[in-house]
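I have placed the structure first, in the form of structure tokens, so that the comments after it can refer back to it.
Bear in mind these aren't lab numbers, they're just calculated from the coordinates by the rules spelled out. Since the structure is predicted, the reported quantities are computational estimates derived from the model, not experimental observations. Every residue, glycine among them, receives a Cβ derived from its backbone with ideal geometry; neighbour counts consider all protein chains shown.
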Number of protein chains: 2
Amino acid sequence: MEGIGAKAVSEPSVRPGRRRSTSQHELEAVAFELFEREGFDATTVDAIAKSAGIGRRTFFRYFESKNDVVWGSFTEQLDHMRERFAQRPADEPLMESVRAVVVEFNRVDPAEVPKHRRRMELILRVPALQAHSTLRYGDWRAVVAEYAAKRLGEKPAALRPQAIAYAALGVSLAAYEHWLAETDLQLCDVLDEALSELARGFVLG
Amino acid sequence: MEGIGAKAVSEPSVRPGRRRSTSQHELEAVAFELFEREGFDATTVDAIAKSAGIGRRTFFRYFESKNDVVWGSFTEQLDHMRERFAQRPADEPLMESVRAVVVEFNRVDPAEVPKHRRRMELILRVPALQAHSTLRYGDWRAVVAEYAAKRLGEKPAALRPQAIAYAALGVSLAAYEHWLAETDLQLCDVLDEALSELARGFVLG
DNA sequence: GAGCATAATGGCACCGGGTGCCAAATGGAA
DNA sequence: TTCCATTTGGCACCCGGTGCCATTATGCTC
């Protein structure tokens, strides 16, 4: 087992060597179960490992940290976001493209909404995960900044692309928090509203 | 020693009981020295405590965590920000008030700039501190959201105040990163530019 | 089927941040 | 001097995370 992320696409399905005894997916299920029952902080890695029938040491071969368990396939999904950006028409206003892509990026299968909600409750409300999230969001911002830079003819590291990426992330988080706080709201609607506000500089109605 | 933050203003200067053997300020100085020489991660709390001539256990009575050492008087400064907001004319456009206050909030005595720079380099570049910063920024956002809510006639927890606070924080961080990456830039200028961009929705320019 | 190369496992020892507990040290006041 | 309030710091402990390595499982070759 080399890296920890998703396995490369070109891995032969049959190889010599011992089979992996579990999967990120399975561990995630087991862990969420425990998080639900005991809370994130009160759930030790030992407990997750035991509950999944693996050694604690092995757990850390599937996830870099306990924090990372809740992120599912986030990193891989960022590729989808890049693709969506690539498909936006070049004559569309930049912030409009950002709005559209971010909203679509966060659209989840209705059946998955409850799970998504639990996941995001953890990420946005457990301090340890809240803190850790900053590191994950860095990749998200990089995708947005890269696109913004291309559209503006600037480098991704320049002020405006970075500011746009940071701001888009910020209002998205505000939208998520609002969605979590209320019941009966459509996440995409809230995101759309928040990103629209951003695009108009928070003025007018 | 009750809380860990700044002592309440009304503490009598002479009280019974053993004197405190050091101060947040002194520990900060000692710690920064070590962070500079060895790096943040390589500096253990043990080392800081030893270097300051106190016990490791005592360190945690002055700071909640090793991460908190780098934040100086951030929390107390938030009160100043609140005051600045209170002084803005009510007929000033909201985002203009935010821009003005945030820029002024981040104005530092020229003599303190190098120190501020080192501090922010740590916060923005060391992953552990980057992650932890989210929790500290939460208080910052609350101040902005509170003011925005008042101006908009909404609750602080509502979507728009939160989105504005998150977005203002975001573009400020972008400005900080840009300031750190370049030499010979005035922080306030960069912040002003970033927040102006935000106010106009990142169009024109 | 034996042996070999390959890969994952999981135990162990260790590190470092953080906490609860408590006896000892300090210093003002009666 | 005694008493009380307060801080100190050592100790044991918990937990996340890592380096190391012998063990185990598997496919392939002879």
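How long are the three semi-axes of the equivalent ellipsoid for region A:103-181, computed from the Cα gyration tensor as the root of 5 times each eigenvalue, in whole Å, largest first?
26, 15, 10
I need the GluC sites (Glu not before Pro) found in region A:114-171, filtered to DSSP loop residues with at most 15 other beta carbons within 10 Å of theirs.
A:154
Using θ = phi - 60° and the Karplus relation 6.51 cos²θ - 1.76 cosθ + 1.60, list the HN-Hα couplings for region B:47-58 in order, rounded to whole Hz, with x at every Gly or Pro.
Values, residue by residue: 5, 4, 4, 4, 5, 9, x, 10, x, 4, 4, 5 Hz.
Rounded to the nearest 20 Debye, what is the dipole magnitude of region B:28-93 about its Cα centre when Lys and Arg each give +1 and Asp and Glu each give -1 at the C-beta?
340 debye
Limiting things to C-alpha atoms, what are the Rg and the maximum Cα-Cα separation (Dmax) for region B:1-121, in angstroms?
Computed over the Cα atoms of region B:1-121, radius of gyration and Dmax are 17.9, 55 Å.
Past 32 Å, Cα to Cα, is the threshold; run A:115/A:150; A:155/B:115; A:155/B:150; A:66/B:155; B:50/B:115 against it and keep the listed order.
Going by Cα-Cα distance, A:115/A:150; A:155/B:150; A:66/B:155 fall outside the 32 Å limit.
Residues of A:194-200, mean number of Cβ from any other protein chain within 10 Å of their own Cβ, rounded to a whole number?
Mean partner-chain Cβ count within 10 Å for A:194-200: 4.
Determine the sum of side-chain charges near residue B:130: Lys and Arg each +1, Asp and Glu each -1, restricted to other residues whose C-beta is under 15 angstrom from that of residue B:130.
So the surrounding residues net to +1.
Under the definition of partner shielding as Cβ atoms of other protein chains within 10 Å of a residue Cβ, what is the mean value for peptide A:151-163?
The per-residue average across the peptide is 4.
In nm to one decimal, list the spacings between the residue A:157 label point and its equivalents in the other copies, with label points set 7 Å along Cα to Cβ, shortest first.
In ascending order, 4.2 nm.
Determine the dipole magnitude for chain A: charges of +1 sit on the beta-carbon of Lys and Arg, -1 on that of Asp and Glu, nothing else is charged, the reference point is the Cα centre, and the result goes in debye to the nearest 20.
Here chain A has a charge dipole of around 880 debye.
Distances in nm, one decimal, shortest first, from residue B:25 to the same residue in every other copy, taking the label point 7 angstrom along Cα→Cβ.
Residue B:25 label point versus its equivalents elsewhere: 6.0 nm.
Output the Cα-based Rg and Dmax of region A:24-69 in Å, rounding Rg to one decimal and Dmax to a whole number.
Using the Cα atoms of region A:24-69, the pair Rg, Dmax is 9.1, 24 Å.
Quote the Stokes-Einstein diffusion coefficient, in whole µm² s⁻¹, for chain A, based on the Kirkwood radius over alpha carbon pairs, a temperature of 37 °C and a viscosity of 0.692 mPa s.
For these conditions, the coefficient is 174 µm²/s.
Using DSSP to call loops (not H, G, I, E or B), can you name the trypsin sites (Lys or Arg not before Pro) in region A:19-54 whose Cβ has at most 10 other Cβ atoms within 10 angstrom?
Answer by residue number: A:19.
First select every other residue whose beta carbon is under 14 angstrom from the beta carbon of residue A:70; then total the charges, Lys and Arg +1, Asp and Glu -1.
Summing Lys and Arg as +1 and Asp and Glu as -1 gives 0.
When the C-alpha atoms of the protein assembly as shown are aligned to their principal axes, what extent does each axis show, in angstrom, from largest down?
73, 54, 43
Let me know the charge dipole size of the protein assembly as shown about its Cα centre in debye, to the nearest 20, where only the beta-carbon of Lys, Arg (+1) and Asp, Glu (-1) is charged.
I would put it at about 1340 debye.
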